[in-house]
Amino acid sequence: MSWALHRVDDRLIHGQVVVAWGHHLRPRRIWVVDDASAASDWERDLLADAAPGVEVKVVAVAEGIRIHSEEAAAEGPALLLVRDLRTALALVEGGATVAVLNLGGLHYAPGRTKVNDYLYLDAEDRARCRRLLELGVKLEVQDVPAARSRSLLEVDPEIARA
Amino acid sequence: MNRVPALLVMHSDLGQALLRAAAAVYGPVEGIEVLSNDGLSREALERQIAGKVEGWTHGGLLLTDFWGGSCHVCGVSATRGHGDIVVVTGLNLPTLLDYLHNRDQYGSLELADRLQKKGRESIRLHHGQPV
């Protein structure tokens, strides 16, 4: 039952996750896999407080890989959040089984080009996306559950061109 | 008493809309800045908030919409270490009006407590009467 959503979102825990996905999936646990956040007691506490009523676990990538299959067999739905595609690819290459990766929020930064209002990718991001596709991960673009989910291949012609 | 400064950090154009609504009741409003989280990553929003509160040497209030949203989370991160800046979530029009009426009478910590109470009191139920 466990994994209900694997999501790339540079805001990590925020309104769309807590309110929209939280209401839709009713997660028991949210795993934030992020080396920087896991290294800071203060950041871990902040993220834990941001989702009232849900157990929030903040772990480094190595720990995220270690717990992934164990959590997959756990009771109740769980969400996994990473802030970037580098971390998502590290998880999958490290052995995490991810069938579908939700691309929910990578906002503008210099060097990135627009895919839609909440998804901007640079050349390295696109290379990571291609690698994830090669590894059998479906890449779905969707910010909130009420929006239509679309394949990245459909909305970003640059991915298919390479 | 120094005036307590405030920054509205909210989703979409809610901050601007609340300020317009407040002006319709209170009169012209000055001295409040507004920031939307639209299109901003966590780092970018934190940077923008930090830039706005940089000069708040006597504290201030970050007025945000809901607990757990990026406006709240980034507000807490950006104001870390500023003991007299308080992040207030769940802002509504009565709370904003109360801030405007009292920002010259209280310090930031006392004013934040007052706004929390005002916000809670402002949500009331008025049931319809049976015919």
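Throughout, read-outs are computed from the coordinates displayed, never taken from laboratory work. On a predicted model such as this, the values are computed, not experimentally measured, just so you know. Don't worry about glycine lacking a Cβ; one is built from the backbone with ideal geometry, like all the others, and counts go over all protein chains shown.
Do me a favour and compute the ellipsoid semi-axes for the range B:8-128 from its Cα gyration tensor, root of five times each eigenvalue, largest one first, whole Å.
Numbers: eigenvalues 102, 58, 41 Å².
Taking √(5λ) for each Cα gyration eigenvalue gives 23, 17, 14 Å.
What fraction of the DSSP beta bridges in the range A:2-153 is antiparallel, stated in percent and rounded to the nearest 5? Each step should come with its number before you reach the end.
Values: 5 of 27 bridges.
Once the DSSP bridges in the range A:2-153 are tallied, antiparallel ones form about 20 percent.
With only alpha-carbon pairs counted, each pair once and no self-pairs, how large is the Kirkwood hydrodynamic radius of the range B:62-121 in angstroms? Evaluated on the range B:62-121, it is 11.8 Å.
Rounded, prolate or oblate: pick one for the range A:2-153, where a ≥ b ≥ c are the square roots of the eigenvalues of its C-alpha gyration tensor, a/c under 1.5 means rounded, and failing that, prolate if a/b is larger than b/c, else oblate. Walk me through the intermediate numbers first.
Values: a/c = 1.37, a/b = 1.28, b/c = 1.07.
Cα axes put the range A:2-153 in the rounded bin.
Using 32 Å as the Cα-Cα cut-off, could you pick out the over-long pairs in A:LYS114/A:LYS138; A:LYS57/B:LYS118; A:LYS114/B:LYS117; A:LYS57/A:LYS138?
Details: A:LYS114/A:LYS138 20 Å; A:LYS57/B:LYS118 34 Å; A:LYS114/B:LYS117 43 Å; A:LYS57/A:LYS138 25 Å.
From A:LYS114/A:LYS138; A:LYS57/B:LYS118; A:LYS114/B:LYS117; A:LYS57/A:LYS138, over 32 Å: A:LYS57/B:LYS118; A:LYS114/B:LYS117.
Modelled spin-label separation between B:VAL29 and A:ASP117, with each label point placed 7 Å from Cα along the Cα-to-Cβ direction: 2.3 nm. The residue list B:ILE123, B:LEU35, B:ILE85 was ranked by how far each Cα lies along the charge dipole of chain B toward its positive end, using unit charges on Cβ atoms, and B:ILE123 comes out on top.
So if we plug the beta-carbon distance of A:ALA146 and A:ASP41 into 1/(1 + (r/R0)^6) with R0 = 25 Å, what FRET efficiency do we get, rounded to 0.05?
For A:ALA146 and A:ASP41, the calculated efficiency is 0.10.
Among A:ARG28, A:ARG83, A:ARG148, the largest mean-square fluctuation in a Gaussian network model of chain A, built with springs joining Cα atoms closer than 10 Å, belongs to A:ARG148.
Suppose every Lys and Arg Cβ carries +1 and every Asp and Glu Cβ carries -1, with no other charges. What dipole size does the protein assembly as shown come out with about its Cα centre, to the nearest 20 debye? Numbers along the way, then the final one.
Working: 32 positive and 39 negative charges, 104 e Å.
Using Cβ point charges on Lys, Arg, Asp and Glu, the protein assembly as shown gives about 500 debye.
When only alpha carbons of the range A:94-162 are considered, Rg and Dmax amount to 11.8, 32 Å. With no solvent and one equal point scatterer placed on each C-alpha of the protein assembly as shown, evaluate the Debye formula and give log10 I(q)/I(0) for q = 0.07, 0.08, 0.09, 0.13 Å⁻¹, two decimals. The Cα Debye sum returns log10 ratios of -0.31, -0.40, -0.50, -0.93.
Mean silhouette area of the range A:51-116, derived from the convex hull of its C-alpha atoms and averaged over all directions, reads 6.0 nm².
Taking the DSSP beta bridges in the protein assembly as shown as the whole, what percent of them are antiparallel, to the nearest 5? Beta bridges within the protein assembly as shown, antiparallel portion: roughly 10 percent. Using only side-chain charges placed at the Cβ, +1 for Lys and Arg and -1 for Asp and Glu, the dipole size of chain A relative to its Cα centre rounds to 440 debye.
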